[in-house]
Every structure is written in C-alpha cells, then in structure tokens.
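What follows is a single structure, written as structure tokens, with notes after it.
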Amino acid sequence: MKRSLTGWILCTALLVLMYGMTAQAADYYVSQTLTTVGSGFVVLPADIAVVSVAIETSAAESGAAHQENLRITEQIMAALKEEKIPGLQFNMRQVMFWENTSLSTREKSYKASAALDIQTNDLAGVGHIIDIAEKMGATSVQNVRFDISDIDAAAQEALRLAVADGMRKAELMASAAGMRIAIIRELRDNNAVRVYNPSQPTTAAAAETALPALAAPVYRGQVLVQTEVTLIFEVVLDRTKSSEN
C-alpha cells in the first residue's frame, strides 16, 4: 500500500511538472511572423568613359554626303587607334539623311548626320580624345558619359548589404517587441536592380524617385547600384526578457 501511494505521488508530480513545462513551452513558442524589406546600395567610381561625337556632311547627292561622312568617321577612328588609348572601342550609329532645298536657287542638297561613340578606360584622357575627334572632322561633342564595367559585381555586393539590412531591421523590431527570431521563413530577391548614373540624364531622371532614402550623394563620374530583398521571419516570445522584467 505504501509503495502504491508513493508511486501515485511520483506519477502525479511528474504529470504536474510535464503540464507546467508544456504550458511554458506553449507560451514560449506562440509564434508570429515579421516581414522586413532590406535595402543595399553601393556607390562606385566610374571606370569607363564614352565620348559621343557628331559627324555632319553635305553634298548635292545623298550618296556623296554619305561617303564623306564615312570617310571622316574612319579618319577619326584611325587617328585615335594610333594613340594607343587604353580600352579603346567604337560604336558607329546609323546615318540619318535630310533633303534641303535652297529658297533662292531651289537647288536640292543632302545632309548626312551620324554619331560615333568612343569608349575608353582612360578617364583622364577624355579631353585628348575630344581634341583629336574635332581635329579629324567631328562637328560637335554630343555627350560625355561615365559608367562601370562590372555591374554584376556591384549588384551582388548591394544584394549582400540588402540582406544584412533586412536582418538588422528584423532583430531590432523583434527585440523592441519582446520577441526573438526563431527561423527565417522566406528570403526573396525582389529582382530589382536600380542603377543611378548622373552622367546619363534619361536613366538618372527615371531612377531619381526610386533612390533609397539614406543613399549617399552621387556625383557625375560615380554610379549608384541599389537592390532590395524581402525577408519573412517567424518570431517567438523572448522569455529571457520577461524574466528580467
């Protein structure tokens, strides 16, 4: 009888202990979800310069205007190749034609207009390139823009920073609410790489409103690359903070 009573007491105590632990665990693991959006950006100095020059020629025949335009373009490229300019590349854009009629003589003539993009890795030599192009027959300089050669590497670094930013926000929010992060439920790349380049007015204007609020100033000759990620966490009550209070 005594052994039976002792066993009953031990069994009851064990059940009470298990109930208390279960209740405590249930309280501890009542989970909520927390979502953050992480933003990361890098500002890099440009390592590429592109000089765009215009070549315009006129002649009585459209074919003659076109041939003269090609001659000047090839003359510019040949002169620049002789300079051994680092990273030198050319992109010839399509020639456009206009027909002109003299108001006094009613004679027709044709104007050919083309553009030549000259790329270099020597940013300090942009002025020298312009001097040669104009000396060889370029009519005007349309634009000088700057860029970075490895946009993928910049985007990857921005993505790493975006994840770190999202984690930082989640830890701060959970801690402030007396919770802690249990697991990451979902980590989603928003598949949005924003590039802000002040030397390209069209893309700069389009990206201006999408810049992260805390982005550093970006000047001509620099390029900002920004990405975003969405993180979804499971958070639980942090009883260590409850016990401290």
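The values are calculated or read from the model by the stated rules, or taken from the named source; none is laboratory data. Keep in mind that what you see is a predicted model, and the values were worked out from it rather than measured. Cβ: placed from backbone, ideal geometry, glycine included. Neighbour counts: every protein chain shown.
Assess whether Ala162 counts as being without any contact (Cβ under 8 Å) to a residue 40 or more places away in the chain and within 30 Å of Gly38 (Cα to Cα).
Criteria not met by Ala162.
Might you check whether a residue that is in a strand (DSSP E or B) and not charged (D, E, K, R) occurs anywhere in region 100-108? Write out each step before concluding.
Keep residues of region 100-108 that are in a strand (DSSP E or B), which gives 100-101, 108.
From what is left, the residues that are not charged (D, E, K, R) are 100-101.
Yes - at least one qualifying residue is present in region 100-108.
Can you name the number of the only condition in (1) out of contact with any Lys or Arg (no Cβ under 7 Å at 6 or more places or on another chain); (2) crowded, with 18+ Cβ neighbours inside 10 Å that Ala114 fails?
(1)
Can you name the residue in region 183-202 that is crowded, with 16+ Cβ neighbours inside 10 Å and not hydrophobic (A, V, I, L, M, F, W, C) and, of all such residues, is modelled with the lowest pLDDT?
That would be Gln200.
Does Thr120 fit the bill of being among the β-branched types (Val, Ile, Thr), out of contact with any Ser or Thr (no Cβ under 8 Å at 6 or more places or on another chain), more than 30 Å from Leu80 (Cβ to Cβ) and assigned by TED's automatic domain parsing to the domain that holds Ser52? Talk me through it step by step, then tell me what you get.
Numbers: among the β-branched types (Val, Ile, Thr): yes; out of contact with any Ser or Thr (no Cβ under 8 Å at 6 or more places or on another chain): yes; more than 30 Å from Leu80 (Cβ to Cβ): no; assigned by TED's automatic domain parsing to the domain that holds Ser52: yes.
For Thr120, the condition - among the β-branched types (Val, Ile, Thr), out of contact with any Ser or Thr (no Cβ under 8 Å at 6 or more places or on another chain), more than 30 Å from Leu80 (Cβ to Cβ) and assigned by TED's automatic domain parsing to the domain that holds Ser52 - is not met.
Hey, among Ala46, Ala124, Ala79, which residue is in contact (Cβ under 8 Å) with a residue 12 or more places away in the chain, over 30 Å from Met167 (Cβ atoms) and surrounded by fewer than 16 Cβ atoms within 10 Å (Cβ to Cβ)?
Ala79
Can you work out which of the residues in region 58-70 that are in a helix (DSSP H, G or I) and more than 39 Å from the chain's Cα centre (by Cα) is surrounded by the fewest Cβ atoms within 10 Å (Cβ to Cβ)?
Gly63
Residue under question is Ser113, and the condition is that it be within 33 Å of the chain's Cα centre (by Cα), within 30 Å of Gly221 (Cβ to Cβ) and not acidic (Asp, Glu); does it hold?
Answer is no for this residue.
Each row is one residue, and each column tells you yes or no for (1) β-branched (Val, Ile, Thr); (2) under 25 Å from Ala46 (Cβ atoms); (3) at pLDDT 95 or above; (4) within 37 Å of the chain's Cα centre (by Cα).
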{"site": "Ile76", "(1), (2), (3), (4)": "yes, yes, yes, yes"}
{"site": "Asn100", "(1), (2), (3), (4)": "no, no, no, no"}
{"site": "Lys108", "(1), (2), (3), (4)": "no, no, no, no"}
{"site": "Ile118", "(1), (2), (3), (4)": "yes, yes, yes, yes"}
{"site": "Ala124", "(1), (2), (3), (4)": "no, yes, no, yes"}
{"site": "Ile132", "(1), (2), (3), (4)": "yes, yes, yes, yes"}
